[in-house]
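We did not get these values from a lab; they are worked out from the coordinates using the rules stated. Quick caveat: nothing in here was measured; it's all calculated off a predicted structure. Cβ sites come from the backbone with ideal geometry, for glycine too, and all protein chains shown count toward neighbours.
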Amino acid sequence: MDRTERKGDNEMKLTILGPWGAYPAADSASASYLIQTESVNVLLDCGSGALAQLQRHLPLEELDAVVLTHYHTDHIADVYCLQHAAMILMQLGRRTKPIEIYAHDADPEAFATLAYGEYMHSHVIAVGDTLTLGDLTWTFGHTTHPVPCLSMRIEHGGQTLVFTADTAWNDDLVRIGRNADLLLCESNLYNEYFGKIGGHLTAGEAGRLASQCGAKRLVLTHLPQYGDLGQLVREAQETYPGPIDLARTGDQYVL
Ligand SMILES: O=c1ccn([C@@H]2O[C@@H]3COP(=O)(O)O[C@H]3[C@H]2O)c(=O)[nH]1
């Protein structure tokens, strides 16, 4: 098994577990990302296939927390498997503490499904909150999506990772993404779909956002299952002159 080394002092590592929107490609996952520092291991969204990918990098015994952007299934499908994993590992004595899960409660029925006895404890997050997880500081922003959804700014040791979550263009994205060292930006749409599918960004808009934020690097994620993904990069290059990557399963970035 490919086990990730724990992070050195003052480093934050992002591992792409699932770069896909809607549903996972073979041997991958939908929306899921692992964020690690020396003091904490956090899963950012927990889509379909997330647990299988996570275990390539981290034993489930060492997962501290999960932070969710919203309740669409491509972002939460594996939360319910993770509840069972936490239960079994605690019953076996291999975990000594519950998993802490953080999400908004604008959908109270969905929020109520997250807590799982002594094995998973749920906590509310909202725009305006500051969440401290180990040596990570999280703040949240507004998105434009068919359901309530939070964008996220994650700071550690002077480095900033920003995740747009799922969203169409809105100006709060520029606020939450300002001066990001890495902008992990949804790019679910080719430019030709602008105005035809709501709730998501085109690649051209992702590039424009990275430019307006002054982001140092743009990583395109929440990818479509169709078309030529290289075209997303080319369209984002028309609006952003900096480095651009397509998120790929297993890729890692150290900030
Ligand atoms: O006309 C449509 C409608 C939807 N979709 C995909 O289905 C996904 C549903 O969840 P989501 O909102 O996270 O992302 C959506 C897109 O990835 C699409 O490609 N074309």
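Key figures
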| item | result |
| --- | --- |
| Lone qualifier among ASN179, ASN191 - being more than 24 Å from HIS156 (Cα to Cα) and polar (S, T, N, Q) | ASN191 |
| Boolean, LEU183 is surrounded by 18 or more Cβ atoms within 10 Å (Cβ to Cβ) and within 16 Å of the ligand (Cβ to nearest atom) | no |
| Flag if VAL67 is surrounded by 15 or more Cβ atoms within 10 Å (Cβ to Cβ), among the hydrophobic types (A, V, I, L, M, F, W, C) and more than 16 Å from the ligand (Cβ to nearest atom) | yes |
| Residue check for GLY177: small (Gly, Ala, Ser), buried (at least 19 other Cβ atoms within 10 Å of the Cβ) and farther than 25 Å from VAL147 by Cβ | no |
| Subset tally (residues that are closer than 24 Å to THR132 by Cα and assigned to a helix (DSSP H, G or I)) for region 85-101 | 1 |
| Top-ranked residue in region 156-180 [being within 18 Å of LEU246 (Cβ to Cβ) and not aliphatic (A, V, I, L, M); ranked as nearest to the ligand (Cβ to nearest atom)] | ASP166 |
| Out of ALA115, ALA103, ALA168, ALA126, sole residue that is of a type in the set (Gly, Ala, Ser), closer than 22 Å to CYS81 by Cβ, surrounded by fewer than 23 Cβ atoms within 10 Å (Cβ to Cβ) and touching a His at 6+ places or on another chain (Cβ under 9 Å) | ALA115 |
| CYS46 free of Cβ contacts under 8 Å to residues at least 60 places away in the same chain, among the hydrophobic types (A, V, I, L, M, F, W, C), closer than 27 Å to GLU118 by Cβ and away from the ligand (no atom under 16 Å from the Cβ) | no |
| Tally, over region 46-67, of residues that are acidic (Asp, Glu) and farther than 23 Å from PHE140 by Cβ | 2 |
